[in-house]
1. Among the candidates A:64, A:73, which residue alone is in contact with a helix residue (DSSP H, G or I) (Cβ under 9 Å, 6 or more places away or on another chain), closer than 19 Å to residue A:21 by Cβ, assigned to a helix (DSSP H, G or I) and more than 14 Å from chain B (Cβ to nearest Cβ)?
2. Tell me the strands (runs of 3 or more DSSP E) entirely within the range B:472-544 that contain at least 1 residues that are in contact (Cβ under 8 Å) with a residue 12 or more places away in the chain and crowded, with 22+ Cβ neighbours inside 10 Å.
3. Any idea which of A:59, A:49 is away from chain B (no Cβ under 14 Å) and within 26 Å of residue B:629 (Cα to Cα)?
4. Name every residue in the range B:714-732 that is at the interface with chain A (Cβ under 10 Å from one of its Cβ atoms) and more than 30 Å from residue B:341 (Cβ to Cβ), in order of residue number.
5. So residue A:52 clears everything in (1) surrounded by fewer than 17 Cβ atoms within 10 Å (Cβ to Cβ); (2) within 30 Å of residue B:715 (Cβ to Cβ) except one condition, right? Which one?
6. I'd like to check which strands (runs of 3 or more DSSP E) are fully inside the range B:568-669 and have at least 1 residues that are more than 14 Å from every other protein chain (Cβ to nearest Cβ) and surrounded by fewer than 18 Cβ atoms within 10 Å (Cβ to Cβ).
7. Checking residue B:1025 against (1) farther than 30 Å from residue B:823 by Cβ; (2) touching a residue at least 40 places away in the same chain (Cβ under 8 Å); (3) crowded, with 18+ Cβ neighbours inside 10 Å, which test does it fail?
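What follows is calculated from the coordinates using simple rules that are stated; it is not laboratory data. None of the values given here were measured: they were computed from a predicted structure. Neighbour counts are summed over all protein chains in view; Cβ atoms, including those assigned to glycine, are modelled from backbone coordinates with ideal geometry.
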């Protein structure tokens, strides 16, 4: 298999992961708003995936940089920078005591992030399809493999 | 009502229009807002001569409602055509021309509604007609004999001017603006009734025609500059020359400026009335001085005045001590809300102390269960209506028809009222307490539990704090609520944590020391928390030995975080109240804090607010956990050095507790204060494991909550331990663009465990009229509630922004509100350089100023210590309205004359006359008491007679006063002074007012203690009251 294809598959999986993390946080917030979750559970559930999400996103961003995918890096970098900023200021976690006061802000933030990740995912998916297409078309590669 | 002068509502512009200014003189085009109604109807309104008061009245009230109901047709009764507001024909029977009936008009339909709820079916649109007769009995006012008022006041046009809008005619408007829909219209009117007893009225009337020399309220005032509006007509004439006003306006006297002690502005009666109060802020030609004497500015020298008329219009509402709306006229549309610029909301003090005889009745629905609406879960209250022969009831919040449970069924009488109404406090009282059955418990009701976490490091020992605390706790053991279930426990800590086994079988408490701070464990599973009545002797032995146990302790460390965790582990089975006595900066283990101190370089930068936030997330997390397990924390902080109250106080903030701060505590000086406040904290009635929710009618929603608590879901306040000294502020938003109901209902429900072990629900219900008129909203504003919300918003703002931003936002909102108000009237009235404001908000600018000068918001780095600032912030976030207003505008009274007078001749009330908080009030020959509700400051004038000082201070009279402690000496004067202080303290037991003595000229103490608190003086670059008013006025005019 071509390296390129593998690379894009990995990126796709990571992108999916990011979307999933964010979506999960959104769900928690919505549940909280609808009173299906209490603040303590909601906060701990959200906070438990914040750092994994940050790390995953950071890794993805780093991969893009290291593999010289400039465009993809530029797409991912702002979010990564934002994450770094949040983390440095100690504001990355949801504040359980003020969660209701900031609920809308949290939700908005996650909507935007979800949008950004979706965009990233779409771009990755396109690249993945393209490289898969290339891969399939250059059938001789296939032959070489066997 | 004690002093007329300060009661805002209505009295000054009492609606009398002299015949001299006939209505016609107000040119019709000037009636901008209102529909054509007013003018046309005017004639009509006159022609009805109306002899018998009661008769006149009935149609009236129905009219009121009819108008209000608009098309809803809920009262299709007599003057049916009134349903269309714009129709101006007034039924002949309708307008009473005499003063007497005029007075009666107001008598609202509401009381009667209230009395006979079923009959009327509030907003619901029920057809039942109210028998007119039933109204009469409820109106004491109607018995006032008709007094001839001279010329029939044209202002009788109110029913018409009514619709829609406020002051339709310049000056023509009676102060009780009937301007709108039902409830609204009846309300203001009612207030007029209340205020002005007829006789007085007549007198005034008599006085006026001659324009008799009314004694000017401010004699000193030279006529040369725009004087007080209260003054005579000559003055008015003079004014006329500066402000060429339309003929109608020329005569008017804007009498609103009330001044304490001033005579009710008689002059005002003669002339045209305005609907607002105003100040003249123009300079005389050729003079630089502002044309305003600062002494005429409004001052709340009578303290907080609750909007009384509202209470009387809605007698079924809960008392304002429990719930106060920022305006008792709820706007009906979002556009109206956006023009109101002041906070729209309420201040709730669910457990406020009721005076003797007004306690909240307890209701036990043992068999039937608590009656609540199926859909919105509203508790049954006086505003629900019973229909269908008593088998159904209609919820007043969501208007769902509910079944009446079998056990709760009662027949309806002819008027549609339940026959058992008298035995049902929940149907007649706005505040009631239900005994909650087991469905309202997630676990058996907890016993009252007090846990003490005491710092025993060297500084605590040296300050003597431990001794005072131990003694106080011991003396309170008998009065702790909830005997015999009360539980108690102790932990002390320095660099290690000390647990005490107080098992009842022991004779001596056993101390266990845990020094592993990283991995805290509780050495004993039980017996750290014991039942007080069983282990009483052990607890007493412990408290006796506590001070001596640590008297030689030299440990300077403080393992605050770990011991807090330990206390949490001990308590989390039950919950309860955790009292923390902290004397130093937490220095060991988790939650240790840095001396981040008060870095002056941070002030004015974007990082400034971080100083006021908890440094370590541990504190927020811990607070959340504590709340989760129903533990309320009260912090007692004592250090003279920086202890990071911002971090420590967070624990109290999110657990519904409070922060007591005693800077530089010395038991000899502050011991008494700590003793009283701790005793109060331990013995006051406390509601345990409480949650509070506020419900309100359709279309309105509470969105933000401000105070010390944690939100558990969007609208549920978790309050592990709540008591009478805590108030919460909430803000409202309109969910629908237009409210169609006439009345909005609010219901506060506090579910809690009483100390006796009963689960209870305290329910406060309040109805407020919906209005479509901005002017009415302003008229019905409640300054106290507004200021309370303002201060909370401002303090919250300091947690995310600079102090200056917080102050500016207060000022901006006041400016915007006044500008909007000005715009309301700018069209019809030549306002000129006058500053106008609704009478209800006359103190708002002053309170705004003093809020900006209050400790949490004042100045910058040098103006208040960081700890002090934070502590004051936490305290103010929880203060009830009255207490807050007292703090913002403290009382200053002069006592030397009283002390010198021969005994028992002076009336105590007499000397309690509050002075304005301005440097000039202080006479160097006097002795003054400054009382802000938290402490007394006794100011000794430089030229105070030495006799007084000697008598009061004994041998210390020449010493430096900072070291002198005021105590009673064996002479009359001293006893009297102590008597005054005692009386003042009794008026509000929530804090102990410790006297601080200061002598004139004793700097810097004098400046810190007193001069900085004279809010009307310009201090250190801040505005004085007059400048502030001028500044606000300028800003109001800028865009206006």
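1. On the way: A:73 fails: closer than 19 Å to residue A:21 by Cβ.
That would be A:64, the only listed residue that is in contact with a helix residue (DSSP H, G or I) (Cβ under 9 Å, 6 or more places away or on another chain), closer than 19 Å to residue A:21 by Cβ, assigned to a helix (DSSP H, G or I) and more than 14 Å from chain B (Cβ to nearest Cβ).
2. On the way: elements: B:487-493, B:497-501, B:510-514, B:529-531.
It comes to B:487-493, B:497-501, B:529-531.
3. On the way: A:59 fails: within 26 Å of residue B:629 (Cα to Cα).
Exactly one of A:59, A:49 is away from chain B (no Cβ under 14 Å) and within 26 Å of residue B:629 (Cα to Cα), namely A:49.
4. Matches in the range B:714-732: B:718 only.
5. (2)
6. Numbers: elements: B:576-582, B:631-637, B:659-661.
Ranges flagged: none.
7. (1)
Residue-by-condition table, conditions (1) under 28 Å from the mean Cα position of the chain (by Cα); (2) in contact (Cβ under 8 Å) with a residue 40 or more places away in the chain; (3) within 27 Å of residue B:359 (Cβ to Cβ):
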residue: B:374; (1), (2), (3): no, no, no
residue: B:382; (1), (2), (3): yes, yes, yes
residue: B:389; (1), (2), (3): no, no, no
residue: B:409; (1), (2), (3): no, no, no
residue: B:413; (1), (2), (3): no, no, no
residue: B:420; (1), (2), (3): no, no, yes
residue: B:427; (1), (2), (3): yes, yes, yes
residue: B:433; (1), (2), (3): yes, yes, yes
